[in-house]
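**Student:** Here it is, the structure in full.
The values are calculated or read from the model by the stated rules, or taken from the named source; none is laboratory data. Remember, predicted model here, so these are calculated numbers, not experimental data. Here Cβ is always computed from backbone atoms with ideal geometry, including for glycine, and neighbour counts include all displayed protein chains. Side chains are part of the model used for accessible areas, which takes the heavy atoms of the whole protein and leaves out ligands, DNA and RNA. Shrake-Rupley method; radii C 1.70, N 1.55, O 1.52, S 1.80 Å.
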Amino acid sequence: MPQDSTAANLLALNQKLLNAIFAADWKTYEQLCDPTITCFEPEAKGHLVSGMAFHRYYFDLGASKSAVNVTMAEPHVRVVGDVGIVSYVRLVQKLGPDGSPITAQCEETRVWQRQGDSWRHVHFHRSLP
Ligand code: GLY
């Protein structure tokens, strides 16, 4: 598969993952992730979290009532053998407490591993600006 097609595929998978997060679509999120996924994210307060249970908590709370649009700004994809690294600034458009549209941003790096015929999400790091 040419490198450009791989990069496009990884971007599409990553967008699907982000959409699943904001839709609280656990089934899709679980399908895309390796069960041993690791992460650093602000919710983990500086700890490396392993596995899916930590993430399930937020999905069980349900999706936001507000309309949400999530964008990967200036995404960069690097493929190293069977590993794909997707880095971008995540922009989330939503309604603020007063009902006006606001945009939140954070930095994300998500790592994907080719496992057989598919890619699985194996690690991510999210930082707030
Ligand atoms: N907190 C779940 C994720 O960002 O993948």
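**Student:** Among the residues of the stretch 25-55, write down those that are outside any helix (DSSP H, G or I) and surrounded by fewer than 15 Cβ atoms within 10 Å (Cβ to Cβ). Step through it out loud before you land on a result.
**Tutor:** To start, the set of residues in the stretch 25-55 that are outside any helix (DSSP H, G or I) comprises 25, 33-41, 45-52.
The answer is PRO35, THR36, THR38, LYS45, GLY46, HIS47, LEU48, SER50, GLY51.
**Student:** For the stretch 24-31, check the following and say yes or no: at least one residue is near the ligand (Cβ under 10 Å from one of its atoms) and within 13 Å of VAL122 (Cβ to Cβ).
**Tutor:** Among the residues of the stretch 24-31, not one is near the ligand (Cβ under 10 Å from one of its atoms) and within 13 Å of VAL122 (Cβ to Cβ), which makes the answer no.
**Student:** Taking the stretch 107-126 on its own, how many of its residues are touching a residue at least 60 places away in the same chain (Cβ under 8 Å) and either over 17 Å from SER50 (Cα atoms) or basic (Lys, Arg) (or both)? If you could, list the steps in order and put the result at the bottom.
**Tutor:** Initial filter on the stretch 107-126 (touching a residue at least 60 places away in the same chain (Cβ under 8 Å)): 110, 112-113, 115, 119-126.
Next, only the ones that are either over 17 Å from SER50 (Cα atoms) or basic (Lys, Arg) (or both) stay: 110, 115, 119-120, 126.
The number of residues fulfilling the criteria is 5.
**Student:** Please work out which one of (1) free of Cβ contacts under 8 Å to residues at least 24 places away in the same chain; (2) under 15 Å from VAL122 (Cβ atoms) is the condition THR36 fails and give its number.
**Tutor:** The number of the failed condition is (1).
**Student:** May I ask you to list pairs of residues, at least six apart or on different chains, whose Cβ atoms are under 6 Å apart, with the first in the stretch 63-75 being touching a residue at least 12 places away in the same chain (Cβ under 8 Å) and the second being of a type in the set (S, T, N, Q)?
**Tutor:** Short answer, once both residue conditions are applied: ASN69/GLN93.
**Student:** Then there is this: Could we say that ARG56 is in contact (Cβ under 8 Å) with a residue 40 or more places away in the chain and basic (Lys, Arg) here?
**Tutor:** Details: in contact (Cβ under 8 Å) with a residue 40 or more places away in the chain: no; basic (Lys, Arg): yes.
Here the answer is no, as ARG56 does not meet what is asked.
**Student:** A further question follows. What number of residues within the stretch 35-57 are within 12 Å of the ligand (Cβ to nearest atom) and closer than 22 Å to LEU10 by Cβ?
**Tutor:** 7
**Student:** Let me ask another. Among the residues in the stretch 58-65, are any within 12 Å of the ligand (Cβ to nearest atom), closer than 19 Å to HIS121 by Cβ and open to solvent by 30 Å² or more (accessible area, probe 1.4 Å)?
**Tutor:** yes
**Student:** Separate question: Restricting the stretch 56-82 to residues that are part of a strand (DSSP E or B) and of a type in the set (S, T, N, Q), which is nearest to PRO101 (Cα to Cα)? Steps first, please.
**Tutor:** Of the residues in the stretch 56-82, the ones part of a strand (DSSP E or B) are 69-80.
Then keep just the ones that are of a type in the set (S, T, N, Q); that gives 69, 71.
Numbers: ASN69: 11, THR71: 15 Å.
Only one residue tops the list, namely ASN69.
**Student:** Within the stretch 77-129, which residues are within 16 Å of the ligand (Cβ to nearest atom), open to solvent by 50 Å² or more (accessible area, probe 1.4 Å), within 16 Å of THR36 (Cα to Cα) and more than 12 Å from the chain's Cα centre (by Cα)?
**Tutor:** Selection gives GLN113 alone.
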